[in-house]
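Below: the structure, in structure tokens.
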Amino acid sequence: MPHHTDEPDGLFPVADLLPPPPATAFRDSPAAARLLDIREIHAEPEAAASERGRAVIARFPRARVTEVPSHWRIPGLHGEADNTARWVRVKTETLVLGVRKTLTVRPNGRSADWIAPGASNGCAMACAYCYVPRRKGYANPITVFTNTDRIVERLGRHIAAQGPKPAPDQRDPAAWVYDIGENGDCSVDALVCDSTAELVAAFRRWPTAKASFATKFVNPDLLAYDPRGRTRIRFSLMPAADSRLLDIRTSPVAERIAAAGDFLAAGYEVHFNLSPVVVRPGWEEAWTGLLRELDDVLPPAVKAQAAAEVIMLTHNRDLHEVNLGWHPRAEEALWRPEVQEAKRSENGSRNVRYRAGVKRAAVERLRGLIAAHAPWLRVRYAF
Ligand code: SF4
């Protein structure tokens, strides 16, 4: 039995499958320009010369384009402690264009079955707890990889090689789930280029697989992508008070909740990431409020298919020190040594998490709150 509809190696001209661009795209709106007002593009020569690269450069005519030998370790951008003072400005005004060299599909097992090679890394938003800057250093604006076609080819071969999913699991009852946005936010990438649209279009053609990505940004342009159930969008949620303090530059939580019905109607599967859960005085009341809000405002059709991932905050000593330079108030909530412990990490990063007992109790408490206030919300996993 073929594992997907037609082309056995998963190759097809994805661009042909894209919907026509809407007459008025959100990405051309003043609201989008407030998030991304690109003045500087660092580009690998091959990326700048590619079709995708040229389209991105044309979208931001005011930007100065500088050639860089590699999207890693760009002098003056990555690993520059001075940039902490310009954190949000760097994220607003800078883009990097690169060519993705490694196309590894990594096993996951928790949120997704597999982590796809991402079409970007870095982010224009500035969540204080974000692990993405830990890799590239400091403000870490969006790097767009211009070779999405290679990523799609790689995924097509990987999906074909898996065959059908043998048994249901918490990730999905039938499909292999591929996280396409591990190191960034696909909704924001869609303000820059068509990579998210191309990936959504590609998964439409793979009946044994499903794309999945978490987002904190409501980009109405995605409503035109026609995913036909093959993309799961996971709106990340936390109580509004925590979000205002920690989720800098994201869409307000109420807006993310309000968008759920529209995204379901547009053909997405809509799940929620309850994350990160920040244990602070009053956290249980705040989460109760959020769960009651979900119960009050979500349409029945959203509730009928919704599921949630629950992830307790993990923090990092180096990020803590960096954050003190640009957003010290966030650290009052994130850095709580009295309830946290060091977490052994293979790559040597100095992570911290809630102490085992604190974490266990908080996970159980939150599960209890969900059961009491949003009993329709299946928890896929909590840790
Ligand atoms: S939206 Fe995601 S990738 Fe972007 S800063 Fe926040 S946590 Fe990081």
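The values are calculated or read from the model by the stated rules, or taken from the named source; none is laboratory data. As the structure is a computational prediction, the values presented were derived from the model and not from experiment. Note that we place each Cβ from the backbone using ideal geometry, even for glycine, and neighbour counts take in every protein chain shown.
Overview of values
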quantity	calculated
Subset of the stretch 356-383 [in a helix (DSSP H, G or I), of a type outside the set (Gly, Ala, Ser) and surrounded by 14 or more Cβ atoms within 10 Å (Cβ to Cβ)]	VAL358, LYS359, VAL363, ARG365, LEU366, LEU369, ILE370, HIS373
Every residue from the stretch 207-255 that is among the charged types (D, E, K, R) and either in contact with a helix residue (DSSP H, G or I) (Cβ under 9 Å, 6 or more places away or on another chain) or over 28 Å from LEU155 (Cβ atoms) (or both)	LYS210, LYS216, ASP221, ASP226, ARG228, ARG230, ASP242, ARG244, ASP247, ARG249, GLU255
Unmet requirement for GLY229, which otherwise passes all of (1) in contact with a Ser or Thr (Cβ under 8 Å, 6 or more places away or on another chain); (2) in a loop (DSSP other than H, G, I, E, B)	(1)
Helices (runs of 4 or more DSSP H) wholly inside the stretch 102-194 that include at least 2 residues being of a type in the set (S, T, N, Q) and within 16 Å of the ligand (Cβ to nearest atom)	none
Evaluation of ALA304 against (1) over 21 Å from the mean Cα position of the chain (by Cα); (2) within 16 Å of the ligand (Cβ to nearest atom) (one fails), failing number	(2)
Selection status of ILE57, assigned to a helix (DSSP H, G or I) and either modelled with pLDDT of 95 or more or among the hydrophobic types (A, V, I, L, M, F, W, C) (or both)	yes
Among residues of the stretch 116-166, those that are modelled with pLDDT under 95 and of a type in the set (Gly, Ala, Ser), counted	6
Subset tally (residues that are assigned to a loop (DSSP other than H, G, I, E, B), under 17 Å from the mean Cα position of the chain (by Cα), within 30 Å of PRO337 (Cβ to Cβ) and at pLDDT 95 or above) for the stretch 244-281	1
Flag if GLU285 is crowded, with 21+ Cβ neighbours inside 10 Å, over 17 Å from ALA126 (Cα atoms) and more than 14 Å from the ligand (Cβ to nearest atom)	no
Within the stretch 150-203, tally of residues that are more than 15 Å from the chain's Cα centre (by Cα) and farther than 25 Å from PHE26 by Cβ	25
The one condition in (1) of a type outside the set (Lys, Arg); (2) closer than 30 Å to VAL90 by Cβ; (3) more than 16 Å from the ligand (Cβ to nearest atom); (4) buried (at least 21 other Cβ atoms within 10 Å of the Cβ) that VAL270 fails to fulfil	(2)
Filter result (touching a strand residue (DSSP E or B) at 6+ places or on another chain (Cβ under 6 Å) and more than 16 Å from the ligand (Cβ to nearest atom)) within the stretch 233-267	ALA260, PHE263, LEU264
Any pair with Cβ under 6 angstrom, 6 or more apart, that starts in the stretch 328-345 at a residue that is closer than 19 Å to SER275 by Cα and without any contact (Cβ under 8 Å) to a residue 60 or more places away in the chain and ends at one that is among the hydroxyl-bearing types (Ser, Thr, Tyr) and assigned to a strand (DSSP E or B)	GLN340/TYR354
